[in-house]
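Engineer: Handing you a structure now.
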Amino acid sequence: MAREKKQYEDDDGRTIADMNVEGMPWYDADRKRKQRAEARAELQEKINRGEALTRRETMRYTFYAVLAGLTVVGVIGGGVVLFIFILWLFWK
């Protein structure tokens, strides 16, 4: 059950002020999304053709993989430290 849009007698449908201005969070969101999709499609096309990644792309993806691994190690390490701290409080 969608609400019906209110109709005003003096509303002729014209836009008074365009709110899509630079600096707003929603500005050019569609263009950025399309650029990311194009970049992803281009990378997928290169992979399908069997081309090797450039040195910069290899470094970037290696960095992302290491960062993901460090995040996992940090979460597990933080859990172990918290567990030891709770056990220490019970022992005290």
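Please treat every number below as a calculation from the coordinates, not as lab data. Small disclaimer: the values here were computed from a predicted structure and weren't measured. Reconstructed Cβ throughout: ideal geometry from the backbone, glycine too, with neighbour counts over all protein chains shown.
Engineer: Binned at 5 Å from 0, what are the whole-percent values of the Cα-Cα distance distribution for the chain, short to long?
Structural biologist: Answer for the chain: a P(r) of 2, 9, 7, 9, 9, 10, 10, 8, 8, 9, 9, 6, 3, 1, 0 percent.
Engineer: Can I ask one more? Farthest toward the dipole's positive end in segment 1-59, which of Gly50, Met24, Gln7, given Cβ charges of +1 (Lys, Arg) and -1 (Asp, Glu) about the Cα centre?
Structural biologist: Ranked along the dipole, the leading option is Gly50.
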